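Data block below; observations after.
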Amino acid sequence: MDLKEKLISSFMAFENDVDLDHPVHDIRSMAIKNFEMKGFPSKKEEAWKYTSLNSLQKIDFTIFPKEANALEYRDVKKYFLHEIDTYKIVFIDGIYSSYLSETTHDGVDICLMSSALTKPMYKAIIDVYFNKIASQDESLTTLNTAFSREGAYIYIPKNKMPKKPIEILHFATGNEATLLLQPRNLIIAEENAELQVIERHQSLTSNEVLTNSVTEIFAAKNAIVDYYKVQNNVGTASLIDNTYIDQKDKSVVKVHTFSFGGNLTRNNLNFYQNGEHIESTLKGVTILGEKQHVDHCTLVHHKQPNCESHQDYKGIYGENATGVFNGKIIVDKIAQKTDAFQQNNNILISDKATINSKPQLEIFADDVKCSHGCTIGQLDENALFYLRSRGIPKKEAQALLMYAFANNVLESVRIPELKTRINKLIANKLGVNLGFNL
Amino acid sequence: MLKIKNLHASVDDKVILKGINLEVNAGEVHAIMGPNGSGKSTLAAVIAGKEEFHITEGSVELEGEDLEDSAPEDRAHKGIFMSFQYPVEIPGVSVTNFMKTAINETRKAHGLEDMPANEMLKLIREKSELLEIDRKFLSRSLNEGFSGGEKKRNEIFQMAMLEPKLAILDETDSGLDIDALRIVANGVNKLKSKKNAVILITHYQRLLEYIVPDFVHVLHDGKIVKSGGKELAFELEEKGYDWLKNEAVL
């Protein structure tokens with residue numbers, strides 16, 4: 001039985017556990033039908049030209065873990081941003097861990113999707129927002145929608161700001177030989193609300209894990225959302241991240257994506273500007289080695305006038321790693337005075353590494369500023385010589401240059417402790433100890 | 001200290017140095033002058049170990065040791081320093097952190113522990129005062145957004161920090177206004193001792209009014225065509241390089 005068949009038959013088992021009378025279940029039923037019709041995307045589709053899901057479909061994934069697994073905080077502390085106080089929504093093998101979490105209902109709701117999808121008090125909000133910006137026909141999104149049951153639910157009312165950043169952590173313990181996870185997150189920032197979210201996926205063993213995640217983010221007028229994604233660095237973990245963002249007037253949303261490994265990572269990051277004077281920022285640092293693969297597929301849809309978008313993705317590819325950057329910008333006819341900027345710079349540090357970079361601009365307005373640039377190169381020999389001539393050995397000098405290359409993406413990280421942490425991850429990834437904290 | 005014998009060097013099969021002989025002893029200041037394209041910067045890069053230059057004949061020795069197979073970082077550890085004509089920008093790495101890395105890597109190569117933090121701070125303070133460098137400057141990213149003068153001053157600051165045996169200053173005077181030139185020259189003069197040596201590579205005689213050389217060599221078409229004392233520099237200033245080119249042909 002292939003993965004698609006297994007998923008479709010699992011849906012019946014899934015239905016035994018959820019409330020079939022809840023309106024959300026109609027959405028799920030529709031979604032599984034769509035998935036059944038479409039199946040997994042293939043390389044024949046333009047958007048999947050450079051990323052194949054074939055080998056993942058051959059794995060016999062466990063779809064429902066048998067039992068809840070526990071972790072001790074001290075064993076996983078290093079994956080939290082423990083230097084500062086945070087709200088925490090923690091999942092172990094897809095199951096909520098109240099022991100490791102710190103949720104709140106104090107003026108804001110930072111809690112669970114399973115509550116939001118079942119408790120009557122959330123029904124009005126779920127009716128308005130759930131599955132409203134996520135694609136209704138993209139097959140992996142519909143697959144997630146069909147099985148949507150658990151994840152993070154964050155609701156920040158008008159003029160509110162949580163006291164501290166929110167961490168969403170997904171641990172895979174490896175207690176199941178193989179595991180498919182489908183977290184579903186809903187994040188709503190009402191007018192003038194502000195929040196910071198850090199989402200991290202971490203495997204604790206080298207067992208096969210595939211995560212197919214969907215996150216919907218709604219930023220109302222003047223809302224500010226900072227979203228940081230720290231992706232799995234374990235070579236047997238695969239992640240398909242589908243994020244959909246709806247922005248209203250004068251809202252500011254920034255998404256930073258840090259990809260430091262994983263077998264296969266696909267980021268479908270979609271911004272829809274449904275208002276004026278909106279700012280959207282998409283930044284990424286990708287550092288890969290071995291046979292790792294990362295595919296950044298971004299969309300910024302400028303639907304109203306006077307908005308800005310900034311994209312800046314840096315990639316460093318070694319060994320047999322492969323990278324894809326596919327950045328699509330659509331500017332509707334009425335979206336005059338759009339300022340859209342896109343930059344993708346890559347360094348290949350091995351002869352066998354590959355990058356495919358493809359900007360796609362569809363501009364229907366005539367008074368816009370749109371620019372895009374893409375570079376693929378090696379480390380600058382003159383710069384390398386400069387550092388070595390000061391006594392810094394070749395390996396360290398290379399690392400310093402790669403760090404410098406990726407650095408400007410980090411400048412917009414607004415949580416200093418997270419910035420320090422990312423710097424350390426980069427230093428580790430580059431395999432050097434530079435004698436100072438970067 | 002430095003002995004260059006019949007040095008021939010090429011890049012991409014293009015021969016640039018065609019038999020250079022030069023001996024530099026501790027305590028001496030040598031100026032190497034010459035028109036554009038004569039091989040001045042190539043000579044500096046070959047001494048510092050830039051890999052794209054190949055020595056096809058002859059040798060470069062530092063204190064009796066042939067440098068041919070020595071990596072740039074090893075040469076730095078042995079006490080060679082080159083001030084770059086075009087210093088490279090490294091965003092995200094502060095001047096201070098860069099110097100800490102450079103000094104501790106050099107100490108590591110000599111089997112020493114890292115320099116204690118307070119000692120490092122003291123050294124940085126002392127040397128930055130010598131070059132009249134503002135503290136704020138030290139926390140800025142290396143060379144990023146620096147003016148031409150700031151870059152050159154920062155080069156000499158690095159030299160002061162690393163205390164090399166042999167310093168090669170490649171066109172350090174280019175792009176400097178008179179105040180910056182005075183500060184840089186003053187720094188170099190203070191760092192000069194009986195134990196170290198300086199090679200000044202310059203197109204103009206201007207720098208030599210501030211740092212007085214013991215010897216002046218004129219490079220033309222990959223060869224030293226004339227050597228003399230500091231008065232040679234003044235002669236060049238007056239007559240230009242053309243009379244030497246003619247002499248070289250003879």
Sole exception among (1) within 12 Å of chain B (Cβ to nearest Cβ); (2) crowded, with 16+ Cβ neighbours inside 10 Å for A:ASP380, by number | (2)
Evaluate region B:19-41: report whether one residue or more is hydrophobic (A, V, I, L, M, F, W, C), in contact (Cβ under 8 Å) with a residue 40 or more places away in the chain and more than 25 Å from B:TYR204 (Cβ to Cβ).
-> yes
Which ones in region A:247-284 are among the charged types (D, E, K, R) and within 22 Å of A:ARG200 (Cα to Cα)?
-> A:LYS254, A:ARG266, A:LYS283
Quick one: count up the residues across region B:88-108 that are within 7 Å of chain A (Cβ to nearest Cβ) and either within 14 Å of A:GLY391 (Cβ to Cβ) or not in a loop (DSSP other than H, G, I, E, B) (or both).
-> 11
In region A:115-140, what residues are assigned to a helix (DSSP H, G or I) and among the aromatic types (Phe, Trp, Tyr)?
-> A:TYR122, A:TYR129
Just checking, which of A:LEU430, A:LEU434 is at pLDDT below 85 and more than 10 Å from chain B (Cβ to nearest Cβ)?
-> A:LEU430
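Condition first: assigned to a helix (DSSP H, G or I), of a type outside the set (Lys, Arg) and either more than 21 Å from B:MET33 (Cα to Cα) or within 14 Å of chain A (Cβ to nearest Cβ) (or both). Can you find one or more residues in region B:192-199 that meet it?
The initial filter retains those residues of region B:192-199 that are assigned to a helix (DSSP H, G or I), namely none.
So far as region B:192-199 goes, no, none of its residues is assigned to a helix (DSSP H, G or I), of a type outside the set (Lys, Arg) and either more than 21 Å from B:MET33 (Cα to Cα) or within 14 Å of chain A (Cβ to nearest Cβ) (or both).
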Would a scan of region B:190-198 turn up a residue that is surrounded by fewer than 19 Cβ atoms within 10 Å (Cβ to Cβ), under 15 Å from the mean Cα position of the chain (by Cα) and closer than 25 Å to A:ARG390 by Cβ?
-> yes
Using beta carbons and a limit of 8 Å, which pairs, at least six apart or on different chains, have the first residue in region A:33-59 and closer than 13 Å to A:LEU210 by Cα and the second one part of a loop (DSSP other than H, G, I, E, B) and not hydroxyl-bearing (Ser, Thr, Tyr)?
-> A:LEU53/A:PHE40; A:LEU53/A:PRO41; A:GLN57/A:ASP2; A:GLN57/A:PHE40; A:LYS58/A:ASP2
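Just need a number here: residues in region B:90-104 that are in contact with an Asp or Glu (Cβ under 6 Å, 6 or more places away or on another chain) and modelled with pLDDT of 90 or more.
So the first thing to find is which residues in region B:90-104 are in contact with an Asp or Glu (Cβ under 6 Å, 6 or more places away or on another chain), and the list is B:91, B:104.
Cutting the leftovers down to modelled with pLDDT of 90 or more gives us B:104.
The qualifying residues number 1.
Per-residue answers, yes or no, for (1) on the phi < 0 side of the Ramachandran plot; (2) more than 14 Å from the chain's Cα centre (by Cα); (3) charged (D, E, K, R); (4) modelled with pLDDT of 95 or more:
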position	(1), (2), (3), (4)
B:SER128	yes, yes, no, no
B:GLY149	yes, yes, no, no
B:PRO164	yes, no, no, yes
B:LEU176	yes, yes, no, no
B:GLY187	yes, no, no, no
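If you go through region B:46-87, how many residues are part of a strand (DSSP E or B), aliphatic (A, V, I, L, M) and within 10 Å of chain A (Cβ to nearest Cβ)?
Going through region B:46-87, the residues part of a strand (DSSP E or B) turn out to be B:53-62, B:65-66, B:80-83.
Then keep just the ones that are aliphatic (A, V, I, L, M); that gives B:55, B:60, B:62, B:80, B:82.
Restricting the remaining residues to those that are within 10 Å of chain A (Cβ to nearest Cβ) gives B:80, B:82.
Looking only at that region, the number is 2.
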Residue that is touching a residue at least 24 places away in the same chain (Cβ under 8 Å), out of contact with any strand residue (DSSP E or B) (no Cβ under 6 Å at 6 or more places or on another chain) and either of a type in the set (Lys, Arg) or under 26 Å from A:ASN274 (Cβ atoms) (or both), where the choices are A:LYS369, A:LYS337, A:LYS328 | A:LYS337
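Of everything in region A:210-226, what is assigned to a strand (DSSP E or B) and touching a Leu at 6+ places or on another chain (Cβ under 9 Å)? Give them in sequence order. Before the answer, list the steps.
Looking only at region A:210-226, we keep the residues that are assigned to a strand (DSSP E or B), and these are A:210-219, A:224-226.
Residues satisfying the conditions are A:LEU210, A:THR211, A:ASN212, A:SER213, A:VAL214, A:THR215, A:GLU216, A:ILE217, A:PHE218, A:ILE224, A:VAL225, A:ASP226.
Go over the candidates B:LYS239, B:LYS195 one by one and state the one that is within 25 Å of B:ASN104 (Cα to Cα) and not aliphatic (A, V, I, L, M).
None of the others qualify; the one that does is B:LYS195.
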Consider B:VAL184 carefully, then state whether it is assigned to a strand (DSSP E or B) and among the hydrophobic types (A, V, I, L, M, F, W, C).
-> no
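Matching residues to (1) crowded, with 17+ Cβ neighbours inside 10 Å; (2) not in a helix (DSSP H, G or I):
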{"site": "A:LYS4", "(1), (2)": "no, no"}
{"site": "A:VAL18", "(1), (2)": "yes, yes"}
{"site": "A:ASP26", "(1), (2)": "no, no"}
{"site": "A:ILE32", "(1), (2)": "yes, no"}
{"site": "A:TYR50", "(1), (2)": "yes, yes"}
{"site": "A:SER55", "(1), (2)": "no, no"}
{"site": "A:GLU67", "(1), (2)": "no, yes"}
{"site": "A:LEU81", "(1), (2)": "yes, yes"}
3 or more residues touching a Leu at 6+ places or on another chain (Cβ under 8 Å) and of a type in the set (Gly, Ala, Ser): qualifying strands (runs of 3 or more DSSP E) within region A:276-343 = none
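Would you mind stating whether A:ASN207 is farther than 23 Å from A:ILE347 by Cβ and modelled with pLDDT under 95?
Values: farther than 23 Å from A:ILE347 by Cβ: yes; modelled with pLDDT under 95: yes.
Yes, satisfied.
Residues are listed down the side, and each one gets a yes or a no for (1) of a type in the set (Asp, Glu); (2) under 30 Å from A:ALA47 (Cα atoms):
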{"position": "A:THR118", "(1), (2)": "no, no"}
{"position": "A:ALA134", "(1), (2)": "no, yes"}
{"position": "A:ARG149", "(1), (2)": "no, yes"}
{"position": "A:ILE154", "(1), (2)": "no, no"}
{"position": "A:LYS158", "(1), (2)": "no, no"}
{"position": "A:HIS170", "(1), (2)": "no, yes"}
{"position": "A:THR173", "(1), (2)": "no, no"}
{"position": "A:GLU176", "(1), (2)": "yes, no"}
{"position": "A:LEU180", "(1), (2)": "no, yes"}
Does B:ASP66 fit the bill of being loosely packed, with under 15 Cβ neighbours inside 10 Å, free of Cβ contacts under 8 Å to residues at least 12 places away in the same chain and in contact with a Ser or Thr (Cβ under 8 Å, 6 or more places away or on another chain)?
-> yes
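Counting just the residues of region B:87-118 that are in contact (Cβ under 8 Å) with a residue 12 or more places away in the chain and of a type in the set (Ser, Thr, Tyr), which one comes out nearest to A:ALA383 (Cα to Cα)? Full working, then the answer.
Quick first cut of region B:87-118, residues in contact (Cβ under 8 Å) with a residue 12 or more places away in the chain only: B:87-96, B:98-100, B:102-103, B:105-106, B:109-110, B:115.
When the remaining residues are screened for being of a type in the set (Ser, Thr, Tyr), the result is B:94, B:96, B:106.
Numbers: B:SER94: 15, B:THR96: 18, B:THR106: 19 Å.
Restricting to residues being in contact (Cβ under 8 Å) with a residue 12 or more places away in the chain and of a type in the set (Ser, Thr, Tyr), the top hit is B:SER94.
Could you go through region B:140-149 and let me know if any residue there is out of contact with any helix residue (DSSP H, G or I) (no Cβ under 6 Å at 6 or more places or on another chain), of a type outside the set (S, T, N, Q) and closer than 22 Å to B:TYR210 by Cβ.
yes
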Limited to region B:110-131, what total is found for residues that are within 14 Å of another protein chain (Cβ to nearest Cβ), assigned to a helix (DSSP H, G or I) and either touching a helix residue (DSSP H, G or I) at 6+ places or on another chain (Cβ under 7 Å) or of a type in the set (D, E, K, R) (or both)?
-> 2
Given the residues A:PHE385, A:PHE341, A:PHE405, A:PHE364, which is the only one that is over 18 Å from A:ALA321 (Cβ atoms), within 14 Å of chain B (Cβ to nearest Cβ) and aromatic (Phe, Trp, Tyr)?
-> A:PHE385
Could you look through region B:1-20, keep only residues that are within 18 Å of B:PRO35 (Cβ to Cβ) and among the basic types (Lys, Arg), and pick out the one that is farthest from the chain's Cα centre (by Cα)?
-> B:LYS14
Kindly indicate whether any position in region B:32-49 is surrounded by fewer than 21 Cβ atoms within 10 Å (Cβ to Cβ) and among the charged types (D, E, K, R).
-> no
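This table checks each residue for (1) within 30 Å of A:ASP2 (Cβ to Cβ); (2) modelled with pLDDT of 90 or more.
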position: A:ASP60; (1), (2): yes, yes
position: A:PHE64; (1), (2): yes, no
position: A:LEU71; (1), (2): no, yes
position: A:THR86; (1), (2): no, yes
position: A:ILE92; (1), (2): yes, yes
position: A:SER97; (1), (2): no, yes
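The values are calculated or read from the model by the stated rules, or taken from the named source; none is laboratory data. Since this is a predicted model, take the numbers as computed values, not measurements. With ideal geometry, Cβ positions are generated from the backbone for all residues, glycine too; neighbour counts draw on all protein chains shown.
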